[in-house]
1. How much accessible area per residue does segment 114-205 have, counting only protein heavy atoms and a probe of 1.4 Å, in square angstrom?
2. For the pair GLU178 and ALA151, what calculated FRET efficiency results from E = 1/(1 + (r/R0)^6), where r is the Cβ-Cβ distance and R0 = 25 Å, to the nearest 0.05?
3. Just the number, please: percent antiparallel of the DSSP beta bridges in the chain, rounded to the nearest 5.
4. So what J values fall out for segment 79-86 if you push phi through Karplus, 6.51 cos²θ - 1.76 cosθ + 1.60 with θ = phi - 60°, rounded to Hz, Gly and Pro as x?
5. Report ³J(HN,Hα) in whole Hz for each residue of segment 37-47, in order, from the Karplus equation J = 6.51 cos²θ - 1.76 cosθ + 1.60 where θ = phi - 60°; Gly and Pro get x.
6. Ranked from the most accessible area to the least, with a 1.4 Å probe and all protein chains present, what is the order of SER137, SER78?
7. For the chain, compute the number of Lys pairs whose alpha carbons are separated by less than 23 Å, excluding pairs fewer than 8 positions apart on the same chain.
8. Under a 5 Å amide H to amide H cut-off, with H placed in plane at 1.01 Å, what residues pair with VAL89 once short-range neighbours are removed?
Amino acid sequence: MDYQDIYLYFHDSVYYRPLLAFELLGLDVRPIFGVRGRSAGRVAFEKDQVNIDFQTTPAYLEKVIPLVEEGKALPIFSLGLLDDTGKLVRDPAFPDLPHFGEVYASIHDANPRGPAWDSWLAFFTAGFGAQKFLVISKDTPITIRQAYKNAIESMLEDNEYQKQKSLVLSNYEQVTGETAVRLYELGTDVPDEAKCWMRAWLRREFKLNI
């Protein structure tokens, strides 16, 4: 296999985020679609059927770290995490691993910017950085809105919730109020130029017209 031939198994559209990240880094990755689940992708990586892989945090911590310790895998970067201001920062689960923005800046010798970056950031925010929003109707009376807000804030401070959260969501934090609104806007208010860039990329690389 030539060093330029980089293969990656994909099984659904959520993984366009790392694929788009590879594009922005200048990696000529050849995705193979149709595999069922990231576990199948990891197994293919372990069998040398593909030579690059992407895993969620729980799977990485449980299944991939042993491969890293055995010298069979080398972590490149995490996608990162959005802080309360919407800034991309290092993932707390991997504090010693650079996030995608850092790697981008290192390769291009410039801070991330432009329609390609804006497009990736919007996809990342919607798919990872600020996903699974709890929403109610815009016409909901203010008293009911406040009741929901108070209930969520109480839940976030509940000791039993915090205990169970760490088992399911690791050390990732949930947000509400103005922070949630800010992240929602970051993932949905996408510049027209970024939309055009993404459409062109999908058309060029995957023959998709949207």
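The values are calculated or read from the model by the stated rules, or taken from the named source; none is laboratory data. None of the values given here were measured: they were computed from a predicted structure. Here Cβ is always computed from backbone atoms with ideal geometry, including for glycine, and neighbour counts include all displayed protein chains. The accessibility values were calculated without ligands, DNA or RNA, using every heavy atom of the protein model including side chains. Shrake-Rupley method; radii C 1.70, N 1.55, O 1.52, S 1.80 Å.
1. On the way: 6270 Å² over 92 residues.
I get 68 Å² per residue for this part.
2. On the way: r = 18 Å, r/R0 = 0.70.
That pair, ALA151 with GLU178, gives E of 0.90.
3. On the way: 2 of 8 bridges.
Restricted to the chain, the bridges split so that about 25 percent are antiparallel.
4. These are the phi-based 3J(HN,Hα) values: 5, x, 8, 8, 7, 5, 8, x Hz.
5. In residue order, the calculated couplings are x, 5, 5, 5, x, 5, 4, 4, 5, 5, 8 Hz.
6. Values: SER137 70, SER78 10 Å².
Output order, biggest surface exposure first: SER137, SER78.
7. Lysine pairs satisfying the spacing and distance rule in the chain number 14.
8. Amide H neighbours of VAL89, under 5 Å, 5+ apart: LEU81, LEU82, ASP83.
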